[in-house]
Amino acid sequence: AQSVTQLDSQVPVFEEAPVELRCNYSSSVSVYLFWYVQYPNQGLQLLLKYLSGSTLVKGINGFEAEFNKSQTSFHLRKPSVHISDTAEYFCAVTQQGGKLIFGQGTELSVKP
Amino acid sequence: GAGVSQTPSNKVTEKGKYVELRCDPISGHTALYWYRQSLGQGPEFLIYFQGTGAADDSGLPNDRFFAVRPEGSVSTLKIQRTERGDSAVYLCASSLEGLNEQFFGPGTRLTVL
């Protein structure tokens, strides 16, 4: 069965600093990977997705992620964070479309 | 255009009662998903509809949970004999077929007292 592990439950960071949110997945077959963001009291919003092609994927709000098949990872990065990036971030995987399997989430807290 | 809407936004009920949660997907989206998000956890898959039929209901925890989508648009998640452990935010999402982005609604927060 597929599973997703987000290695950090909370990541505090100062404004304008770089950040990396880690995600590892377990699957023996091809997968498709996603990062979603959930702002306080709002619904989930797609940040970026990897379906095929280039392993470096760029998303909204300056975020990017790199698919690493050998390490089964899909870490999310941003070179300089803003206060407004404070939110919960979820990594998710699917095999053939259909249901998404989510990680437990990483709470990003950006401090001034 | 309008996004995915869910009603009610909050529902408080007593243990043993029956509840219905409604989801209005984005117009034209053939796929509809239900997830459940407990406090401090990621969303957990419940059921997926393709059109009117349930393509995958493997996430429904037990037979107290049931969902329908009779006309291929609006869906209702039904929970019988609610238990305190059912308390969570129930999320609905819709998408076009295949690996298209799932658009999520704001959720219904269910509290079972």
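The values are calculated or read from the model by the stated rules, or taken from the named source; none is laboratory data. Computed from a prediction, not measured in an experiment: that's the story for all the values here. Note: ideal-geometry Cβ built from the backbone for every residue, glycine included; neighbour counts use all protein chains shown. Only protein heavy atoms, including side chains, enter the accessible area calculation; ligands, DNA and RNA are left aside. Shrake-Rupley method; radii C 1.70, N 1.55, O 1.52, S 1.80 Å.
In terms of solvent-accessible area of protein heavy atoms at a 1.4 angstrom probe, what is the ranking of A:Lys69, A:Lys78, highest value first?
Details: A:Lys69 150, A:Lys78 15 Å².
Listed by decreasing accessible area, they come as A:Lys69, A:Lys78.
If DNA, RNA and ligands are ignored and the probe is 1.4 Å, what is the ranking of B:Arg84, B:Arg36, A:Arg77 by accessible area, most exposed first?
Values: B:Arg84 145, B:Arg36 35, A:Arg77 75 Å².
My answer, sorted largest first, is B:Arg84, A:Arg77, B:Arg36.
Quick one: with all protein chains in place, what share of the accessible area of the range B:19-97 is carbon or sulfur, to the nearest percent (1.4 Å probe)? Each step should come with its number before you reach the end.
Values: 1570 of 3410 Å².
Of all accessible area on the range B:19-97, carbon and sulfur atoms account for 46 percent.
Taking all protein chains together and a probe of 1.4 Å, list B:Leu39, B:Leu113, B:Leu91 from the most accessible to the least accessible.
Working: B:Leu39 170, B:Leu113 105, B:Leu91 0 Å².
Highest to lowest solvent-accessible surface, that is B:Leu39, B:Leu113, B:Leu91.
Three principal axis extents, largest first, for the C-alpha atoms of the range B:19-97, in Å?
Largest first, the range B:19-97 extends 35, 25, 20 Å along its Cα principal axes.
Give me the inter-chain shielding for B:79-90: mean count of other chain Cβ atoms within 10 Å, whole number please. Intermediate values should be presented prior to the final figure.
Values: counts 0, 0, 0, 0, 0, 0, 0, 0, 0, 0, 1, 0.
Neighbouring Cβ atoms belonging to other protein chains average 0 per residue here.
To the nearest 100 Å², how much accessible surface do chains A and B hide from each other in total, with a 1.4 Å probe? All intermediate terms of the calculation are to be shown ahead of the outcome.
Values: alone 6250 and 6160 Å², together 10940 Å².
Approximately 1500 Å², summed over both chains.
Round to a whole number: what % of the accessible area of the range A:10-112 belongs to carbon and sulfur, probe 1.4 Å? If you can, show how the numbers build up before the last one.
Working: 2390 of 4970 Å².
On the range A:10-112, the fraction of accessible area on carbon and sulfur atoms equals 48 percent.
Report the net charge of residues surrounding A:Tyr39, where surrounding means a beta-carbon distance below 10 angstrom and charges are Lys +1, Arg +1, Asp -1, Glu -1. Write down the numbers at each step before the final one.
Numbers: positive: none; negative: A:Asp85, A:Glu88.
That sum, taken over residues with Cβ under 10 Å, equals -2.
If you add up the charges near B:Ile79, with Lys and Arg at +1 and Asp and Glu at -1, over every other residue whose beta carbon is less than 12 angstrom from its beta carbon, what do you get? Could the numbers behind the result be given before it?
Details: positive: B:Lys11, B:Lys15, B:Lys17, B:Arg36, B:Arg64, B:Lys78, B:Arg81; negative: B:Glu20, B:Asp63, B:Glu83, B:Asp86.
Its environment carries a net charge of +3.
Using R₀ = 30 Å, calculate the FRET efficiency as 1/(1 + (r/R₀)^6) where r is the Cβ-Cβ separation of A:Leu46 and B:Gln80; round to 0.05. List each step's numbers first, then the result.
Values: r = 33 Å, r/R0 = 1.11.
Between A:Leu46 and B:Gln80 the formula returns 0.35.
Packing-wise, with mean Cβ within 10 Å as the measure, how do B:65-74, A:52-61, B:19-28 rank, highest first? All intermediate terms of the calculation are to be shown ahead of the outcome.
Values: B:65-74: 15.5, A:52-61: 12.1, B:19-28: 17.4.
Descending packing order for the listed peptides: B:19-28, B:65-74, A:52-61.
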